[in-house]
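The block underneath contains the structure these notes are about, expressed in C-alpha cells.
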Amino acid sequence: MHAQDTDALHLALVEALGADCVSLDAAVAEAHAGDWSDAPHVRPRMTLLPRTPEDIARTLRVLSKHRQAVVVQGGLTGLAGGATPQSGEVALSLARVNAIESFDRIGGTLTVQAGVPLEQLQTFVEAEGWFFPLDLGARGTCQIGGNAATNAGGNRVIRFGTMRDLILGLEVALPDGTILSMMNRVTKNTTGVDLKQLFIGSEGTLGVITRLVLKLEPKPSAANTALCAVASFDEATRLLKYLRARLANLSSFELMWHDFMGAAMDIAHLKAPFGDAYPVYVLIETLGESDADDRRALEQALERMLEEGIVQDVIIAQSIEHAKQLWTYRETVGELLSKLKPHAAFDIGIPMDRMEQFVEDARAFLRERFPQQTHLFFGHLGDGNLHLLSGPYADAPDLLTVEELIYAAVGEAEGCISAEHGIGVIKRDFLYQSRSPNEIALMRELKNLLDPAGVLNAGRIL
Ligand code: FAD
C-alpha cells in the first residue's frame, strides 16, 4: 500500500473516530500483534480503539470504502489465531467498548457492550445476587464479545450450555457499517429466523459483535467440589452417568488423564492429591442452594461409587480455599500452554463411545513418533470435549504431521475439530474434516453476502 493511501485512510479514520482512537504507535501495535495461539505475531498497520458501538460501525464503513482488511480483537486470549493480524491488516480493538449498560434485576438479564471482560461481568452480577455461568481459565482477560464470537464453552457447559445458550440478544456492526440490532430480552421468541445465531461462533467473519443481552441465573449459594481418582475412562463415564442421575446441580465434570496430572503437578509445584497415582482424575463441582444438603448428596453419591469400585479414592473440599486448591491442577493449562510452545493444542469433540479408543490410539501414536515431546490429555468430559496439548515442536513439518493425523482421526471418529476454541487460521485447512462441502459452500455464500469486499477477518475459518 502506498504512503498516500495510508495517509488518506488515516485521515478518514481520524475524522470518523477522533485522533485518540487511531494509533500508529509501534508499542501499541506490538501489544496488538497476536493472540494466545502459536500463529506468528504481525504488527497491525494501525490500531483502532473506538469508544462506542456507533464508533465501530463508522470505522467499518470507512474500512470497507477503502477496502482495508481489518482484524477484530477482543481480549486476545483466543487459541485459534483468529485475532492475530495478517500482514497489512489494521486491528480493531474492543477494549474501550466496555460499558455495562443496564440490568433487569427482575427478569435476570444484563445488557453489556462487547468489550467487558468476563470476570468483571461475573463479579458485577454476583454482587447483585445473580450469576453468569460461563467460566474459563482466561476469565480475567477474555471479553464477553470474544466469548460470543467463539461460542466459548468452559467448565460448566454440562449444566448451563455454551455461550450460545446464554445469549438472548445481540447487536452487530456489519462490514458496511450497518448496525443490526437483535437486542431481544425475552426467553421465548419465535418471530422468524434467529439471526443472532449466525454471528455467535462465526469468529468475527460476518460482523463485529457490539452489544449483548445475557441471560443470568440466580446466584447459587453453595458450591461443592470433589476430586476423584478412577481406574479408567470407562469408569469415569459410569461415574458421570450416575452423578447426572443423582445430582441435579452437577455443574462441572472435568477429566484429567494421569499424564496431564503429572505435568500440572510439575509446573505448579503441587503435591500429589492421593497417596497412589491413578490413570484418570475427575474434578467435580455442584452449584446449589444448601451447602449442607448439597454436600451430603455429593458425599452419599461418591460413597456409593467408592463401594461399587467405580471410584478408587476421593477428596471432598472442606472449604472455599480447599476447593480452589483442587481446581489448581486443572487451571495449570495456561502455564502448560506457554511451556509447550510451539505446540499443537487440540480442542476436539469426540462421541463418547469412541473417546477411550481415540485417546489410547492417539497417545500410542504420539509417544512412538514423537517421544521427545510431551502429550497431555484432559477435557470437559460431560460435553465430549477432549483437549490434547502436544509439544514443543521445533520443526514446523512435525507439527503439521501431528495436526493432519489427529484431525483425520477425528473425522473418522465422527467428531469435530473444534468444540470450543474455534477454527481461526490454525484449523482452517482442516475444516473439511468436520463440515461437508455443501456446508462450506453455504458459509462462503453468507460471507460474500455480508462482506462482499472481504475486509473483515478475511482468511479466518474459510
Ligand atoms: P479474542 O482472542 O480477542 O478473539 C477470538 C476470535 O473472536 C477472533 O477471531 C476475533 O476476531 C473474534 N472476536 C473477538 N471479539 C469479537 C467481537 N466483539 N465481535 C466479533 N468478533 C470478535 N475457550 C473456551 O471456550 N473454553 C475454555 O475452557 C477456554 N479456556 C482457556 C484457558 C486459557 C488459559 C486460555 C488462554 C484460553 C482459553 N480459551 C477457552 C480460549 C479463549 O479464552 C476463548 O476463545 C475466548 O472466548 C476468547 O475471547 P477473547 O475476548 O480473548 O477473544
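The values are calculated or read from the model by the stated rules, or taken from the named source; none is laboratory data. Since the structure is predicted, the reported quantities are computational estimates derived from the model, not experimental observations. All Cβ positions, glycine included, derive from the backbone under ideal geometry; neighbour counts span all protein chains shown. Just so you know, the surface numbers come from the protein's heavy atoms only, side chains and all, with ligands and any DNA or RNA stripped out. Shrake-Rupley method; radii C 1.70, N 1.55, O 1.52, S 1.80 Å.
Are any residues in the range 146-174 farther than 20 Å from VAL71 by Cα, assigned to a helix (DSSP H, G or I) and either open to solvent by less than 10 Å² (accessible area, probe 1.4 Å) or within 11 Å of the ligand (Cβ to nearest atom) (or both), and if so, which ones?
VAL157, MET163, LEU166
With the condition being in contact with a Gly (Cβ under 6 Å, 6 or more places away or on another chain), I'd like the helices (runs of 4 or more DSSP H) fully within the range 323-442 carrying at least 2 qualifying residues.
Output list reads 333-339.
Under the condition of being in contact (Cβ under 8 Å) with a residue 60 or more places away in the chain and touching an Asp or Glu at 6+ places or on another chain (Cβ under 7 Å), which residue from the range 80-106 is nearest to LYS341 (Cα to Cα)?
Step by step, filter the range 80-106, then rank; the result is GLY81.
State yes or no: is LEU206 closer than 30 Å to GLY81 by Cβ, open to solvent by 40 Å² or more (accessible area, probe 1.4 Å) and not in a strand (DSSP E or B)?
No, not satisfied.
I'd like the residue in the range 127-143 that is under 10 Å from LEU216 (Cβ atoms) and outside any strand (DSSP E or B) and, out of all such residues, is most open to solvent (accessible area, probe 1.4 Å).
The residue in question is GLU128.
So which residues in the range 89-119 are within 16 Å of the ligand (Cβ to nearest atom) and either open to solvent by 10 Å² or more (accessible area, probe 1.4 Å) or at positive phi (or both), if there are any at all?
Once the filter is applied, which keeps residues that are within 16 Å of the ligand (Cβ to nearest atom) and either open to solvent by 10 Å² or more (accessible area, probe 1.4 Å) or at positive phi (or both), the range 89-119 yields ALA95, ARG96, ASN98, ALA99, ILE100, GLU101, THR111, GLN113, PRO117, GLU119.
Please identify the pairs in which a residue from the range 436-462 that is more than 23 Å from LYS65 (Cβ to Cβ) and without any contact (Cβ under 8 Å) to a residue 40 or more places away in the chain has its Cβ atom under 8 Å from the Cβ atom of a residue that is open to solvent by 30 Å² or more (accessible area, probe 1.4 Å) and within 16 Å of the ligand (Cβ to nearest atom), counting only partners at least 6 apart or on another chain.
Listed pairs, sorted by first residue: ILE440/LEU462; MET443/LEU462; ARG444/LEU462.
Quickly run through the range 179-203 and pick out the residues that are open to solvent by 60 Å² or more (accessible area, probe 1.4 Å) and of a type in the set (Val, Ile, Thr).
Those that are open to solvent by 60 Å² or more (accessible area, probe 1.4 Å) and of a type in the set (Val, Ile, Thr): ILE179, VAL186, THR187, THR190, THR191, VAL193.
Of all residues being surrounded by fewer than 18 Cβ atoms within 10 Å (Cβ to Cβ) and of a type in the set (Gly, Ala, Ser) in the range 347-403, which is nearest to ARG428 (Cα to Cα)? Just the residue, please.
Among them, the one singled out is ALA396.
Go through the range 345-366 residue by residue and tally those that are under 16 Å from ASP259 (Cα atoms) and of a type outside the set (Asp, Glu).
Within the range 345-366, residues that are under 16 Å from ASP259 (Cα atoms) and of a type outside the set (Asp, Glu) number 9.
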